[in-house]
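All remarks here apply to the structure that follows.
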Amino acid sequence: MSHQGFYGPISEDNWQRAAKIKLLICDVDGVFSDGRIYMSNSGEELKAFHTRDGYGVRSLLSCGIQVAVITGRKSQIVENRMTALGVDKIYQGIDNKLEPYEALLKHYDLKPEQVAYIGDDIVDLPVMKQVGLAVCVADGHPWVRQHCHMVTQIAGGHGALRELADLILLSQDKFENAHGMSI
């Protein structure tokens, strides 16, 4: 049996996994952005973020689903964007993503099956192997796509995070409430 999501069919297993999620942890480069890093002549780093992903984050937060980011790079632009979205658990410059993952479990008093993680590369796998719903973006590394529960239909930086947010909200019957509408 499968469920029909906005982006295509969702297996019963993934629907049930999404229904338990209370915390979504996100990588940044390749998930919130398309993975490219733009550098100005003065060395300033620039990234592009998709507004649909931002709306997805705000929708989750409005329904009591926490959102955190863990990223290997460190930049002020990530701090600024996440703060603007209402994300207050921002871990940057992290080589071992398991440490902040475990801290988040403890902070929110959650079990691994209540956590989803979305990433795009091999560095994300240690956390992905621990969580209840491991998601790779459509253009993620092939090895990661083979070792997660679900692969998005949309590429990183182009709305993949929104796709996952919509699934979580739909599976928990919170989509209409999150958007203040009736569908």
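List of remarks:
- 3J(HN,Hα) along the range 114-123: 9, 10, 10, 9, 10, x, 9, 9, 4, 4 Hz, from the Karplus curve 6.51 cos²θ - 1.76 cosθ + 1.60 with θ = phi - 60°, whole Hz, x for Gly and Pro.
- Report summary: the helix-based calculation at 222 nm, which adds -39500 (n - 2.57) for every DSSP H run with n ≥ 4 and divides by the residues of the chain, gives -10000 deg cm²/dmol.
- For the range 5-24 versus the range 113-183, the spacing of their alpha-carbon centroids is 8 Å.
- Sites S2 and Q146, calculated FRET efficiency, Cβ-Cβ separation with R0 30 Å, nearest 0.05: 0.90
- Stretching the chain fully between N177 and Q76 yields a gain of 33.1 nm (0.36 nm per residue, less the alpha carbon separation).
- Residue-normalised accessible area of the chain, given per residue in Å² at a 1.4 Å probe: 48 Å²
- Between Y38, Y91, Y55, the Gaussian network model of the chain with springs among Cα atoms under 10 angstrom shows the greatest mean-square fluctuation at Y38.
- Max-minus-min Cα coordinates of the range 83-167 on each principal axis give 32, 29, 26 Å, with the largest extent listed first.
- The stretch between Y38 and E99 holds 19.1 nm of extra length on full extension. This uses 0.36 nm per residue minus the Cα-Cα distance.
- The chain: most fluctuating residue of R58, R81, R162 per GNM, C-alpha cutoff 10 Å: R81
- Environment charge at Q114 (Cβ cut-off 9 Å; Lys +1, Arg +1, Asp -1, Glu -1): +2
- GNM flexibility winner over the chain from G157, G43, G140 (Cα, springs under 10 Å): G43
- Under the simplified labelling scheme, the S62-Q16 pair shows an inter-label distance of 3.1 nm, with each label point 7 Å from Cα along Cα→Cβ.
- Computed over the range 31-117, Kirkwood Rh from alpha-carbon pairs, angstrom: 14.2 Å
- Computed over the chain: relative contact order in percent, which uses C-alpha pairs under 8 Å that are six or more apart: 29 percent
- Solvent exposure, largest accessible area first (probe 1.4 Å, DNA, RNA and ligands not counted), of T152, T83: T83, T152
- The smallest convex shape that holds all Cα atoms of the chain, its convex hull, gives 107 Å³ per residue.
- Legend: residues W15, W143, sorted from most to least accessible area (1.4 Å probe; ligands, DNA and RNA excluded), read W143, W15.
- Angle between the chain longest axis and helix 51-62 axis [Cα atoms, degrees, rounded to 10]: 60 degrees
- Degrees between helix 160-171 axis and first principal axis of the chain (Cα, 0 to 90, nearest 10): 30 degrees
- Note on I90 and K106: the extension gain reaches 4.2 nm, defined as 0.36 nm multiplied by sequence separation minus the Cα-Cα distance.
- Taking the protein heavy atoms of the range 20-177 in the context of the full set of protein chains, the accessible area attributed to carbon and sulfur is 47 percent at 1.4 Å.
- In the structure shown, the pairs K22/K106; K106/K129; K47/K174; K22/K129; K111/K174; K20/K106 are assessed against 25 Å; a Cα-Cα span above that value is assigned to K47/K174.
The values are calculated or read from the model by the stated rules, or taken from the named source; none is laboratory data. All values derive from a computational prediction rather than experimental measurement. Every residue, glycine as well, gets a Cβ built from its backbone with ideal geometry; the counts of neighbours run over all protein chains shown. Just the protein is used for accessible areas: all its heavy atoms, side chains included, with ligands, DNA and RNA removed. Shrake-Rupley method; radii C 1.70, N 1.55, O 1.52, S 1.80 Å.
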